[in-house]
Amino acid sequence: MPQKRTTGRTSGKATRKTSSKRTTSRRTSKKPKVYIPAYKAIIFCIAIITICMGLLLYTTIKTPDSKVAQSMTERFEEDNTEKKTESEVKKEEIKKTEEKTAAKKTENTEKKSEMKKEEAKKTEATEKKSDSKKSETQKPETPSKETPKKTEPQKPAEEQSKKEEKKDSTAVIDKKNEPQKNTYNFPAAKNNAQLIFVFDDGGQNLSHLAPFLNLPFPITVAVLPQIAYSKETAAKVRASGNEVILHQPMQSVSASVNPGPGAIKPGMSDEEIKTILFTNINEVGPISGMNNHEGSAITADAEKMAVIMQFCSQEGIYFLDSRTNVETKVPYVAGELGYSYYERNIFLDNEKTTANALSELKKGLDLANKNGSVIMIGHIWSADFLPEFLQDVYPELKALGYTFSTVSKSKAKKN
């Protein structure tokens, strides 16, 4: 009996084990959950999106190509139509011009033919009159003379055409000779106002001198002494028919400024001044006069200027005061000694610009109209613009009544 009990216990344990196995098998028999990583899902979504975008791009790019092609063809057709219309318009204009020229030609031919007919009628009438007069004077037995051929009346028409051609040619010549219009707004000259142009610093450069000698009006050139081209410059100016003067170097107020060789300086005696003037004139001369180069210290010295002006009077030459110093004593010395002299009114090229030269020239014209004459000084080193400017303004100045002169022949003398 006790054995049975043990078996019962064992069987109970077995049943428990089997039941626990069943429960575990049931638990294990359930399907396990599937877990997808996040990066795989993201990649999958991106792949789908790219496929969709690619399809969209393919469809959108393919369809506009056809639209662009259509628009290009339409534009090409429009351009062709526009070109055609333009060519047609040009052809029509050419036709119109040809028709006009043809009509003018026909009108001219008709006019010529009418002129010829009228001339022929006139000649016939004159011939008839002459024949009737002859028939009255002649006897009836004498036969009448043969009438001249009708080809002769063409001559007057040809002569008229030749005359018309001559008139046209003379009209063209007259237009060329007509004075230029007032482009610089210069005032008209009063009482033959006189312009005197003096060009300083000659003798430094012969190529700079040439354009000044080609000016169409008389000029005065002031030549520096004892430099490279002093003699040759003076000879060329005289050969051109213009006036030569000595551009006498003198010491300026500033002692640091070198006036150049052959200069008159404050410490010189009267005899030294005269010997320098003699040597300079012998090199550059014959001369008509002299003016000062620099010299603001000397022209303000009454004693030195008295020696210089006495020398000029003895040599029969004039003195032109360049007025480099407001305190010049030239007017005072000339008045005391009873000498005549000239003085500069305008500097044309203190600034090397055409605009400045034009404004200074206009000031000079006002002075010329006020005083009867004006002396304007330029410099040979302004050859790059000044001669061309004066060539340009000369025709207008001449047309307005201004006259041109050298210093010695001018009416600018001061007594």
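The values are calculated or read from the model by the stated rules, or taken from the named source; none is laboratory data. Here the structure is a predicted model, which means the values were calculated and not measured. Glycine also receives a Cβ, built like all others from the backbone with ideal geometry; neighbour counts cover every protein chain displayed. The accessibility values were calculated without ligands, DNA or RNA, using every heavy atom of the protein model including side chains. Shrake-Rupley method; radii C 1.70, N 1.55, O 1.52, S 1.80 Å.
Numbers below:
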item	result
Sole residue being in contact (Cβ under 8 Å) with a residue 24 or more places away in the chain, open to solvent by less than 10 Å² (accessible area, probe 1.4 Å), touching a helix residue (DSSP H, G or I) at 6+ places or on another chain (Cβ under 8 Å) and closer than 23 Å to Phe197 by Cβ, chosen from Asn325, Asn292	Asn292
Of all residues in segment 252-289 being β-branched (Val, Ile, Thr) and without any contact (Cβ under 8 Å) to a residue 24 or more places away in the chain, the one that is most open to solvent (accessible area, probe 1.4 Å)	Thr275
Which listed residue is open to solvent by 10 Å² or more (accessible area, probe 1.4 Å) and not acidic (Asp, Glu), from Gly202, Gly241	Gly241
Test: residue in segment 331-342 that is open to solvent by 10 Å² or more (accessible area, probe 1.4 Å), farther than 25 Å from Leu246 by Cβ and in contact with a strand residue (DSSP E or B) (Cβ under 8 Å, 6 or more places away or on another chain)	no
Segment 370-406, residues that are over 33 Å from the mean Cα position of the chain (by Cα) and closer than 19 Å to His293 by Cβ	none
Residue satisfying all of: in segment 343-398; assigned to a helix (DSSP H, G or I) and in contact with a Lys or Arg (Cβ under 7 Å, 6 or more places away or on another chain); surrounded by the fewest Cβ atoms within 10 Å (Cβ to Cβ) among these	Asn369
Selection status of Ala157, modelled with pLDDT under 55 and either farther than 15 Å from Thr406 by Cα or within 24 Å of the chain's Cα centre (by Cα) (or both)	yes
Flag if Phe186 is under 24 Å from the mean Cα position of the chain (by Cα) and among the hydrophobic types (A, V, I, L, M, F, W, C)	yes
Within segment 295-322, considering residues that are in contact (Cβ under 8 Å) with a residue 40 or more places away in the chain and assigned to a strand (DSSP E or B), the one least open to solvent (accessible area, probe 1.4 Å)	Leu320
Those residues of segment 399-415 which are under 12 Å from Ile219 (Cα atoms) and crowded, with 20+ Cβ neighbours inside 10 Å, in sequence order	Ser405, Thr406, Val407, Ser410
Matching residues in segment 399-409 - criterion: being more than 15 Å from Ile196 (Cβ to Cβ) and either in contact with a Leu (Cβ under 6 Å, 6 or more places away or on another chain) or in a helix (DSSP H, G or I) (or both)	Ala399
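Rundown of residues vs (1) outside any loop (DSSP other than H, G, I, E, B); (2) hydrophobic (A, V, I, L, M, F, W, C); (3) farther than 21 Å from Ser382 by Cβ, yes/no style:
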| site | (1), (2), (3) |
| --- | --- |
| Ala222 | yes, yes, no |
| Lys231 | yes, no, yes |
| Gly241 | no, no, yes |
| Ile245 | yes, yes, no |
